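Peer 1: One structure, pasted below without further comment.
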Amino acid sequence: MATDGTCTAIYVHFPYCVRKCSYCDFSSRPVRRDQVPHDAYATAVLREWSLRSLLMKQPIRSISLYFGGGTPSLWSAASIGRVIEEISRSGSVPGDAIEITVECNPCSIDEAGIQMLRDVGVTRLSVGVQSLSAPRLEMLGRAHDATRALATLSAARRAGFAHVSADLIYGLPGESPAEAASEARAIAQSGPDHVSAYMLSVVPSTALGRAMRQGAVSPVDEAQAADSFIAVSDALVGLGYEHYEVSNFARTGCESKHNGWVWRGGSYVGLGAGAVGSMQLADGRVIRASNSADAQGYLEAMEACSAERLLEAGGVVQSLEVLDAETRMSERIMLGLRLAEGVDLDAVSAELGVEGWTRARQRAARELEVKGRLVREAGRARIPRHAWLWENDTAARML
Amino acid sequence: MPSPPSLIRNFSIIAHVDHGKSTLADRLLEVTGVLSERERVDQFLDRLPIERERGITIKSQTVRLPYKAADGTVYQLNLIDTPGHVDFHYEVRCALAACEGALLVVDATQGVEAQTLANAYSAIESNLEVIPVLNKTDLPSVDVEKTRREIEDVVGLSCADALEVSAKTGLGVGAILEALVSRVPSPKGDPSGPLRALVFDSWYDAYRGAMVMVRVVDGTLRKGQKIKMLATGSEYEVVDLGVMSPNATSVSELGTGEVGYVAANIRSVKDTGTGDTIVEASKTPPPALPGFRKVKPMVFAGIFPTDNADYDALRDALEKLHLNDPAFAFEPDTSEALGFGFRCGFLGLLHMEIVQERLERDYDLDLISTAPSVMYRVHLLDGTVVEVENPARVPPAHKVEHIEEPLSRVVIHTPSAYVGAVLTLCEERRGVQKSISYSSTDRVIITYELPLAEILFDFHDRLKSVSRGYASMDYEVIGFGTSDLVKIDILVNGEPLDALAVIVHKDKSFTRGRDLCVKLKELIPRQQFEVAVQAAIGSRVVARVNVKAVRKDVIAKCYGGDISRKRKLLEKQKKGKRRMKQVGSVEIPQDAFLAILKVDN
């Protein structure tokens, strides 16, 4: 993987939502649709891009552009188009089409809107279906129903997107493994070539977390959630999807290029309020920068920001971390073990110049192999699908 | 040239922990010019970092202070620093035997505490001139009058000439030096008699072997002299003699009454028993100085490497530590659960903690320690008696006639408000009350006879918690007594885990067994499979708990923004695994082996 090269993925965070979902702890801010500063936000993002480009190793070649949020489908297609146009002007890998994804909330987009995104160059749509059951959608704080979500998926297909992905959340209180699997199947039958199926994790500070503490929502049954993980995986694998990452399924060749790149240690630039990026600077250092989540502050700061300011924690950039080779090795293992293909420690070692299969890792791997939690194939370590349920523990031992 | 005995004053400083002993020692070094302000590291005498951190002195260090008194004469003051903790009674006594006087330092904001009393009695029994020093008089909460009364009533020392000082600010330190000269007797002894020197400390020097610190009682000790240790019978040649002031300075001889170190190519500290007498080798030996005895460990625990590959490193570390601290004993041990390790004997709980901490800190080892245990005398039906210091090795009940366990006398000082709580605690711990008396209107001294094993079960922490930290204690082992004891075995997934076996009194066996299971459930992390923990007495299971299996331990989302956070989480999770021991298919954390200490009564 060419992390020392100049290829990069680009993530644009759009921090606005019409309403906040009950489970969401992502950086976003509820606004009315007519209050979204469409153009101003695009200007600010492009300004950040031009400054960040100055700091990065040249020449920059983008392999993907990903609009996440928040609700990027609230953003006007024209503004999205502007961002796409200017960023793709700075260069991409010759002969390899850049993947451009936009996350969509079924409530905030209609067939015409979808067509407009297609027209401005978006190649991939990621649709937040989340659930097909009315009570569960309500528990999640989603404003759409199942019909609308599935319609969005077929509209995306009709509009001619090369790739369509659907998000599903399972393991909700009261949901049986059979119900989770049947939702996954129903979503798959609406034609997405990619499904992200997330086991619900309840963050205490979210509305759902509060409701659970107060007893308004019953707690998640751990065993049921674990069984649902297997049931969803079996269902989608049965329909011909590959379970290629802990929470991601794709038809052959339809993996998310953007996320695959990040998971394999590729450099990614984060743009926008609340965005996080991990990129190689011109001097060779690799940094991770997290932007402050304050959208208004971001707009104002970008009017008079310099490239140097982006290398200081405190203003727009909330935290800044220089990643040394050992840390990067840890991250590659952690992310790689979340992929079906695993991680080739020998290859990563050669790339980063630090030891991969240390004595401690070899010992940990031996112990994990006995328990069926890890497979070693030459320099590569991977977690078999059923053992992903203990992925944190496995990764911690392999760190 | 040695000083004439009339110009020598040998003294030590005794105090309850934290009453300011080390600070006062620093001040004395400074005032006599032995240590310049610039060289001063706080608490110079506590050289080991661990001592500085815990604020206690582990091995005694001695220093010579030249002092020009108000009368214009220069005196040789030898400050003999004594260990300040209850576990080192014997070493304290040996050090006191090398002195003629002692400064009894009492924090005048706190008053007399348990170790004030124990140390003062030791000094009085050693016939020392004890000078009461009321410390911390610079603090607003000081109560000098009350402290004087306590010293007079409890310790039985007149406070008419007590000194009021602040070791921190240096106030009154000059008066202490004058008092040492005028009130502490000069050493008696026969300068022309045959050599007798008392060994009161020893340590290991990587270049010179075991070094001993001595007080010459009679005669003169010279470089090149052939000497003999009376207790061991071994003979050596004195290679070097010297004094600490505060750094080592060679001298050609040490005269009667003087204090200094001896290097004599002694291989191991084992050959230099504290309390032994050094005499001249060629001559008919004079009688040994009184008081020597071999120190016996009272508290035992297993120490095992977390990773079996570290066994050799652990053995090397134990051998090195043992060079400096012969009071601690160790021998190879095997545990079915923990593999190869060592059974170690210590003078007391603090001594045990210090050794374990040094092993981990100075030798960078990850260790699993088992809960401390005492030595049991097991009388078998066939008439034989075996001494067992590992609960797992206690013979099965059907072979045992009766078991004896060590008993201790515990003296507790507490404010009167907590008397009820302290008595309840002692009664719960199978104590027999010996006496209870008021030391002042609001302070009480309680004496109990308690099985030593009960003291090991977290007694000190419990005492502190029932008295909100105000009670202090001191204990001493006084002998053995018969008790109705049984062994509780702990089974993990059906297999007995030998390192978790404990010996408890029969009346408490059911509750202890149940509480231990409940505690283990808390301490053993959930694993991939369910883990059953059972407590059994003989073949009878008395309690059972299940540690539920982890069904999922996975984060659903891990995108760009989550990576740092997740990495930090995993790093933390990884740290938690460092002190886990794989026992069969179950991982058991270090804490679990000490669970019995955390079982609340």
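The values are calculated or read from the model by the stated rules, or taken from the named source; none is laboratory data. Given the structure is predicted, the values throughout are model-derived calculations rather than measurements. Ideal geometry is used to build each Cβ from the backbone, glycine not excepted, and the neighbour counts take in all protein chains shown. Areas reflect the complete protein model, heavy atoms only, side chains present, ligands, DNA and RNA absent. Shrake-Rupley method; radii C 1.70, N 1.55, O 1.52, S 1.80 Å.
Peer 1: So if I take the centroid of the Cα atoms in the range A:235-281 and the same for the range B:482-530, what is the distance between those two points in Å?
Peer 2: Their Cα centres are 49 Å away from one another.
Peer 1: Specify the inter-centroid distance of the range B:144-164 and the range B:536-601, based on alpha-carbon positions, in whole Å.
Peer 2: 54
Peer 1: Over all alpha-carbon pairs in chain B, figure out the percentage whose distance exceeds 40 Å.
Peer 2: Numbers: 64116 of 180300 pairs.
Of all Cα-Cα distances in chain B, 36 percent exceed 40 Å.
Peer 1: I'd like to compare B:362-372, B:449-459: which one has the highest average count of other Cβ atoms within 10 Å, and what's the full order after that? Kindly include the intermediate steps, with their values, before the conclusion.
Peer 2: Values: B:362-372: 19.8, B:449-459: 22.2.
Highest mean packing first, the order is B:449-459, B:362-372.
Peer 1: Around A:Ala347, what is the net charge, scoring Lys/Arg as +1 and Asp/Glu as -1 over all other residues with Cβ under 12 Å from its Cβ? Let's see the in-between values first.
Peer 2: On the way: positive: A:Arg264, A:Arg332, A:Arg380; negative: A:Glu341, A:Asp344, A:Asp346, A:Glu351.
Net local charge, A:Ala347 excluded: -1.
Peer 1: Looking at the protein assembly as shown, what % of its DSSP beta bridges pair antiparallel, to the nearest 5?
Peer 2: Values: 137 of 192 bridges.
The antiparallel proportion sits near 70 percent.
Peer 1: I've got another one for you. What net charge is computed for the residues neighbouring A:His194, neighbours being all others with C-beta under 13 Å from the C-beta of A:His194, Lys and Arg scored +1, Asp and Glu -1? Mind showing how you got there, number by number?
Peer 2: Working: positive: A:Arg124, A:Arg157, A:Arg251, A:Lys257; negative: A:Glu99, A:Glu103, A:Asp167, A:Asp193, A:Glu242, A:Glu245, A:Glu255.
Spelling it out: positives minus negatives among the neighbours equals -3.
Peer 1: Let me have the 222 nm mean residue ellipticity of chain B computed from DSSP H runs of 4+ only, each contributing -39500 (n - 2.57), with the sum over all residues rounded to the nearest 500. Provide the component values of the computation, followed by the final result.
Peer 2: Details: 14 runs with 142 residues, N = 601.
Value at 222 nm, helices only, nearest 500: -7000 deg cm²/dmol.
Peer 1: On to the next question. Computing the accessible area with a 1.4 Å probe over protein heavy atoms, can you report the carbon and sulfur percentage for the range B:299-371?
Peer 2: Percent of accessible area from carbon and sulfur atoms in the range B:299-371: 47.
Peer 1: Within a Cβ distance under 15 Å of A:Tyr11, other residues only, what is the Lys/Arg minus Asp/Glu net charge?
Peer 2: Details: positive: A:Arg52, A:Arg124, A:Lys257, A:Arg288, B:Lys557; negative: A:Glu48, A:Glu99, A:Glu103, B:Asp562.
Cβ neighbours under 15 Å give a net charge of +1.
Peer 1: Please report Rg over Rh for the protein assembly as shown, where both radii come from the alpha carbon positions and Rh follows the Kirkwood definition.
Peer 2: Numbers: Rg = 37.2 Å, Rh = 34.0 Å.
Value, to two decimals: 1.09.
Peer 1: Near B:Lys296, which lysines are there with a Cα under 24 Å away, not counting those fewer than 8 places off in the same chain?
Peer 2: B:Lys59, B:Lys228, B:Lys270, B:Lys320
Peer 1: Additional query: Taking every DSSP beta bridge with both residues inside chain B, roughly what % is antiparallel (nearest 5)?
Peer 2: Working: 113 of 133 bridges.
Percentage antiparallel, nearest 5: 85.
Peer 1: In whole Å, what is the distance between the alpha-carbon centres of the range A:31-92 and the range B:205-242?
Peer 2: The range A:31-92 and the range B:205-242 have Cα centres spaced 83 Å from each other.
Peer 1: If the reach is capped at under 30 angstrom between alpha carbons, list the lysines near A:Lys371, excluding any in the same chain fewer than eight residues apart.
Peer 2: Answer for A:Lys371, where 30 Å is the Cα cut-off: B:Lys519, B:Lys521, B:Lys548, B:Lys552, B:Lys557, B:Lys566, B:Lys568, B:Lys572, B:Lys574, B:Lys575, B:Lys577, B:Lys581, listed by chain and number.
Peer 1: Modelling each spin label as a point 7 Å along the Cα-to-Cβ direction, I'd like the B:Glu401/B:Ala549 distance in nm, to one decimal.
Peer 2: Output for this residue pair reads 5.1 nm.
Peer 1: Would you calculate, for chain A, the mean residue ellipticity at 222 nm contributed by helices, counting each DSSP H stretch of 4 or more residues as -39,500 (n - 2.57) and dividing by all residues, to the nearest 500? Show your work: numbers first, answer last.
Peer 2: Details: 14 runs with 152 residues, N = 399.
When only DSSP H runs of four or more count, the value is -11500 deg cm²/dmol.
Peer 1: Using only the alpha carbon atoms of chain A, find the Kirkwood hydrodynamic radius as the inverse mean reciprocal pair distance, in angstroms to one decimal.
Peer 2: Values: mean 1/r = 0.0455 Å⁻¹.
This gives a value of 22.0 Å.
Peer 1: In the range B:487-597, what is the volume of the convex hull around the alpha carbon atoms, normalised per residue and reported in Å³? Spell out each step's value before the answer.
Peer 2: Numbers: hull volume 11.0 nm³, N = 111.
Taking the convex hull of the Cα positions in the range B:487-597, it is 99 Å³ per residue.
Peer 1: Also, I was wondering about something else. Would you list the membrane-span-like helices of chain A, meaning whole DSSP H runs whose alpha-carbon atoms span at least 15 Å along their axis and whose mean Kyte-Doolittle value is at least 0.5? Before the final figure, lay out each step's value.
Peer 2: On the way: long enough: A:38-55 (26 Å, 0.06); A:77-89 (18 Å, 0.25); A:146-158 (18 Å, 0.07); A:177-189 (18 Å, -0.16); A:222-238 (24 Å, 0.74); A:325-336 (16 Å, -0.33); A:359-370 (17 Å, -1.26).
Qualifying helices: A:222-238.
Peer 1: I'd like the mean, over residues of A:287-298, of how many other protein chain beta carbons sit within 10 Å of each residue's own Cβ. If you can, show how the numbers build up before the last one.
Peer 2: Working: counts 0, 5, 0, 4, 1, 0, 0, 0, 0, 0, 0, 0.
The per-residue average across the peptide is 1.
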